[in-house]
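Visitor: Okay, here's the structure, questions in a sec.
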Amino acid sequence: MTAITPPSVPFSASGNLLGYVRYEDDAAEWRDNVTFHATLRIHEIKRSISSCRVIWRDENEGTLYPMLLPELGDLLTAGTTSLGVTKGWWIVGQRGKNYGIRRASEVEVVTLPFIEQAADDMACSMPRPHSPHDITHASRSYHCDGVRVTMRHRPYTLEEGAS
């Protein structure tokens with residue numbers, strides 16, 4: 001069974017994503033399914049009658065997100081998990097009546113509104129090593145964390161560097 005991306009997803013009264021919903025009334029709240037950026041740590045592994053899921057905890061907000069095993073396999077083979085922690089852009093997928101997060105594709109991430117900030121120099125919060133940023137002398141470019149950065153072009157000459 002292939003995962004679909006539902007338009008809305010169920011959350012509990014405490015703000016955690018529900019992994020299984022039999023009836024629509026089982027969820028305290030249905031939210032729009034949008035991509036989000038989070039640093040997640042493995043919290044626990046749960047087994048039910050029809051599925052097995054890994055529960056991730058957002059390190060900043062404490063929210064719990066289930067992930068189904070096929071998505072976990074994709075995450076582990078991509079090599080983006082270290083010591084039970086992973087960071088990236090996420091979106092909720094659905095398999096039958098089971099919900100779980102998966103890594104968002106580039107197309108899904110680009111549709112988000114970007115946060116804009118001005119900077120002469122910028123530090124990256126992604127673990128090293130990773131692909132280089134596309135920030136050159138362009139007036140605007142996107143940082144690997146999804147932040148749009150306005151760069152001021154300042155010509156550099158050897159005389160300036162020597163001083």
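Visitor: Which count do you get for residues in the stretch 20-75 that are more than 13 Å from Trp90 (Cβ to Cβ), hydroxyl-bearing (Ser, Thr, Tyr) and part of a strand (DSSP E or B)?
Guide: Number satisfying all stated conditions: 1.
Visitor: Moving on. Can you work out which of the residues in the stretch 6-19 that are among the hydrophobic types (A, V, I, L, M, F, W, C) and within 16 Å of Val92 (Cβ to Cβ) is surrounded by the most Cβ atoms within 10 Å (Cβ to Cβ)? Outline the logic, then answer.
Guide: Of all residues in the stretch 6-19, those among the hydrophobic types (A, V, I, L, M, F, W, C) come to 9, 11, 13, 17-18.
Narrowing further to those that are within 16 Å of Val92 (Cβ to Cβ): 9, 11, 17-18.
Values: Val9: 23, Phe11: 18, Leu17: 21, Leu18: 18.
Filtering first and then ranking leaves Val9.
Visitor: Could you count how many residues in the stretch 76-96 are in a loop (DSSP other than H, G, I, E, B), in contact (Cβ under 8 Å) with a residue 12 or more places away in the chain and of a type in the set (A, V, I, L, M)? Give the derivation first.
Guide: Start the filter on the stretch 76-96 by keeping residues that are in a loop (DSSP other than H, G, I, E, B), which leaves 78-80, 83-84, 96.
Narrowing the set further to residues that are in contact (Cβ under 8 Å) with a residue 12 or more places away in the chain leaves 78, 80, 84, 96.
Pick out the ones that are also of a type in the set (A, V, I, L, M) and you get 78.
Residues in the stretch 76-96 being in a loop (DSSP other than H, G, I, E, B), in contact (Cβ under 8 Å) with a residue 12 or more places away in the chain and of a type in the set (A, V, I, L, M): 1 in total.
Visitor: Out of the residues in the stretch 49-74 that are modelled with pLDDT under 85 and touching a strand residue (DSSP E or B) at 6+ places or on another chain (Cβ under 8 Å), which is surrounded by the fewest Cβ atoms within 10 Å (Cβ to Cβ)?
Guide: Within the stretch 49-74, the first condition is being modelled with pLDDT under 85, and the residues that meet it are 49-51.
With touching a strand residue (DSSP E or B) at 6+ places or on another chain (Cβ under 8 Å) added as a condition, the list becomes 50-51.
Numbers: Ser50: 10, Ser51: 17.
Within the stretch 49-74, the match that is surrounded by the fewest Cβ atoms within 10 Å (Cβ to Cβ) is Ser50.
Visitor: A further question on this structure: Can we say Thr77 is over 15 Å from the mean Cα position of the chain (by Cα), modelled with pLDDT of 85 or more and exposed (fewer than 13 other Cβ atoms within 10 Å of the Cβ)? Steps first, please.
Guide: Values: over 15 Å from the mean Cα position of the chain (by Cα): yes; modelled with pLDDT of 85 or more: yes; exposed (fewer than 13 other Cβ atoms within 10 Å of the Cβ): yes.
The answer is yes for Thr77.
The values are calculated or read from the model by the stated rules, or taken from the named source; none is laboratory data. Owing to the predicted nature of the structure, the values given are computational and were not obtained by experimental measurement. Methodologically, a virtual Cβ is constructed for each residue, glycine included, from the backbone with ideal geometry; neighbour enumeration extends over all protein chains shown.
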